[in-house]
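Inspection log for the structure reproduced underneath, given as structure tokens.
The values are calculated or read from the model by the stated rules, or taken from the named source; none is laboratory data. Note that this is a predicted model, so its numbers are computed, not measured. Every residue, glycine among them, receives a Cβ derived from its backbone with ideal geometry; neighbour counts consider all protein chains shown.
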Amino acid sequence: MFKHHFFEIKKIFTKADIFLIIFLLILSFVSLYSFSRNLSRKYVEIYYHNQLIGKYKLDKTQVITVDEGIVVEIKDGKVRMKESTCKNQFCVKQGWIKHFPIVCVPNEVLILFRGKIKKEMLITR
């Protein structure tokens, strides 16, 4: 019975199809593993004009003024762009984020989530 089903599948799929399916399954599992491993975010790095301005813990509520009119807020393990001087305000409309980067292209602000942190890594202004 198993042989019969195997030959039916073999008629429908070519070797390339089966290879592609196996490859995509492996890629999915690797991506899922990598993503779940990276969920333990501990701090954020804030870049302004391609320069690192600070690394801030996510477990501490704080408001960071990047520049006049550009304000980032950290609270309850989440980050948001509280204020921005950009025209469309897309970064502000994004709201609170837990895992994915926040990018404000006109102001050249980038907020990245990172994992493990050492005390000497923290930069505060």
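Listed values, structure above:
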{"quantity": "Tally of residues being part of a strand (DSSP E or B), more than 16 Å from Gln94 (Cβ to Cβ) and of a type outside the set (Val, Ile, Thr) across the range 47-81", "calculated": "10"}
{"quantity": "The range 64-93 residues that are under 17 Å from Val105 (Cβ atoms), paired with ones that are outside any strand (DSSP E or B) and hydroxyl-bearing (Ser, Thr, Tyr) (beta carbon under 6 Å, 6 or more apart)", "calculated": "Gly69/Thr85; Ile70/Ser84; Cys91/Ser84; Val92/Ser84"}
{"quantity": "Hey, Lys57 surrounded by 11 or more Cβ atoms within 10 Å (Cβ to Cβ) and either at pLDDT 90 or above or in the same structural domain as Val103 (by TED's automatic domain parsing) (or both) or not", "calculated": "yes"}
